[in-house]
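Written below as structure tokens is the structure these notes are about.
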Amino acid sequence: MTKGNRKAIKIMIITMAVILTTILMIYAYTPRHEQVRVHEPLPRMAPAASLTGAFAYVSNFEYVNEPLSYYGWIPISGQTPVIVTQPNYWGEPALESTAMNNEPQVDIVNPSLIVRGDQFLSFQVAIYYGSGGSGFFGLVNSNYEPVAIIGVADGYVWAGPNLTDLKPVISLSSLSGALYPPGWVFIMVNVFNASTPYNKTAGWVMQVFVDQTDEPPFVISVPEAGNYYTAAIITTSGTVYYTDIIVTSLEIPIYLQKYNNMEGYGQGSGLLTTLLPPFYNLTALVLLKYWNTPQVGILSFQINAMNYYGATRSSCVGFFQVGVDLDPNGTIAPWYVPGKNCIAHYYFNETTMNPAVLPGIPTPNNTLLKLMIYYNITAKEIVFEIYDYNTSQLWIHAIPYSGTPFFATYTQLEFQYAYTKYPIYDYVFNGTMFDMQVTFLNGTTATLPASYMIPFELSAPPTWDLTYYNVNASGYNQFAK
């Protein structure tokens with residue numbers, strides 16, 4: 001390469017850098033109302049895996065059939081546990097476990113409900129510590145000995161590889177600001193083999209999140225966790241209550257900086273335990289009880305449907321959404337995402353298709369909305385529809401589409417962290433999503449079971465809570481305090 005060529009290449013690189021810097025500066029100083037609203041799919045941070053070995057075990061003890069089901073729990077030692085409706089977790093019954101005469105009360109999940117040999121697991125549990133007992137939940141080996149355990153005792157949340165090697169995670173007294181029922185603590189955990197080709201000795205670790213996922217997790221070594229056999233409840237003293245229990249190969253708690261805060265229920269965007277049978281229609285009812293926000297285009301509530309490509313990858317392609325921004329002064333702004341680029345298109349802009357964020361229109365507290373994403377296979381189009389029962393307003397838009405049917409769905413409360421002028425705690429919301437239904441290709445309509453509607457919490461603050469997925473209502477309550 002000649003000296004002249006090297007100089008030309010150097011000038012070209014500098015010029016490109018100047019152009020890129022200028023573009024970024026223009027973008028950074030663009031007025032907020034000209035910003036677009038990007039609805040990002042779930043990031044896939046768990047190890048990429050096929051559906052082989054994928055599973056989800058859920059026990060929330062709710063009234064599905066009489067009497068209350070034990071969801072596969074088997075007593076091993078001590079008092080026989082009972083399911084009670086007081087205390088409850090947002091109305092969800094709990095398993096009452098009591099240790100007596102210095103004998104722990106131990107229950108295990110039927111091992112046939114847990115897939116063994118996975119390299120990544122998540123689990124969650126809500127524990128009532130208000131009665132003053134000491135109790136733990138986690139993974140055990142075939143001898144029912146803990147290999148990754150968390151729990152409450154002596155005023156703290158604890159975590160460790162076993163009951164004799166526990167580390168304090170956080171004081172229970174410091175949790176008073178979290179949006180959870182009094183006396184309850186909500187714990188989410190990732191357990192995985194951290195070894196890589198570049199660090200073969202990292203071994204198994206446990207990430208522990210308490211009442212939130214918007215701060216880095218407490219991380220502890222759990223070297224024997226790969227030998228997990230099933231999950232167990234171990235109450236070592238007094239009486240402790242447990243509920244909202246999930247063990248799954250899908251990632252529940254996610255901490256990720258510089259990404260939209262979000263939480264919801266369901267599967268897709270590469271985070272899967274199973275694919276739904278192909279369906280062409282997704283509907284849900286949303287009750288907007290109350291909201292109070294300081295800025296337009298920041299907080300939204302939505303449903304998502306994914307075709308096969310979008311279901312199996314964290315991608316904007318094949319990722320369809322419909323929802324509303326929860327805007328100031330009792331207004332909402334309806335929008336849809338048309339399966340590409342993840343940018344919201346507001347119904348108000350259908351003539352120009354300008355993707356800029358727009359302010360909403362008035363609608364009262366307790367507004368009831370119907371959200372729908374419908375694939376009209378005959379007409380080769382996808383229809384996005386929102387109907388406001390309080391104001392009798394209908395927003396509807398169709399796009400050309402001839403791809404696969406839908407195979408996955410999840411719900412979402414989402415916060416646009418990059419564009420907000422105010423802290424996330426200034427955005428308040430109280431709502432309910434219910435009557436979620438899919439219509440399969442054979443024409444049958446079905447609600448979605450708790451075994452499919454697995455929660456995810458991505459950088460969710462302690463002032464957010466999506467309660468639990470109520471099968472009877474086919475939905476859940478969503479709070480942002």
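The values are calculated or read from the model by the stated rules, or taken from the named source; none is laboratory data. Just so you know, these numbers come straight off a predicted model, no measurement behind them. Neighbour counts are summed over all protein chains in view; Cβ atoms, including those assigned to glycine, are modelled from backbone coordinates with ideal geometry. Side chains are part of the model used for accessible areas, which takes the heavy atoms of the whole protein and leaves out ligands, DNA and RNA. Shrake-Rupley method; radii C 1.70, N 1.55, O 1.52, S 1.80 Å.
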Query raised in the report: If you build the Cα gyration tensor of region 56-248 and take the root of 5 times each eigenvalue, what three semi-axes come out, in whole angstrom, biggest first?
Result: 25, 19, 16
Query - Label of the coordinate-derived value, mean projected area of the Cα convex hull in nm², listed as (i) 24.7; (ii) 37.0; (iii) 27.1 - result: (iii)
Query - Nonlocal Lys pairs with alpha-carbon distance under 28 Å, the chain (8 or more apart, or different chains) - result: 13
Query - Euclidean distance of C-alpha centroids, region 289-358 and region 242-265, integer Å - result: 21
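Excluding G431 itself, calculate the net charge of residues whose Cβ lies under 15 Å from the Cβ of G431, where each Lys or Arg counts +1 and each Asp or Glu counts -1.
Details: positive: K289, K370, K481; negative: E263, D325, D327, D388, E414, D435, D465.
Net of charged neighbours comes to -4.
What does the accessible area per residue of region 56-248 come to in Å², with a 1.4 Å probe and no ligands, DNA or RNA counted?
40
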Requested in this report: Using a Förster distance of 22 angstrom, determine the FRET efficiency expected from the C-beta separation of A398 and S451, and round it to 0.05.
Outcome: 0.10
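Okay, helix-only estimate at 222 nm for the chain: each DSSP H run of n ≥ 4 adds -39500 (n - 2.57), divide by all residues, round to 500 deg cm²/dmol; what do you get? Intermediate results must be reported in sequence, preceding the final value.
Numbers: 2 runs with 31 residues, N = 481.
Rounded to the nearest 500, the figure is -2000 deg cm²/dmol.
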Query raised in the report: Cα axis of helix 3-28 to longest principal axis of the chain: angle in degrees, 0 to 90, nearest 10?
Result: 70
Query raised in the report: Just the accessible area for L139, please: 1.4 Å probe, Å², rounded to the nearest 10?
Result: 0
Query - Mean separation of Cα contacts under 8 Å, 6 or more apart, over the residue count of the chain: relative contact order % - result: 18
Query raised in the report: Which listed residue (W204, P75, Y228) has the Cα farthest towards the positive end of the charge dipole for region 56-248, taking +1 on Lys and Arg C-beta and -1 on Asp and Glu C-beta about the Cα centre?
Result: W204
Query raised in the report: Under a Cβ-Cβ cut-off of 13 Å, what is the net charge of the residues other than E414 that fall near it, where Lys and Arg count +1 and Asp and Glu count -1?
Result: -3
Report task. Report, in whole Å, the centroid distance computed from the Cα atoms of region 175-227 and region 429-481. Result -> 24
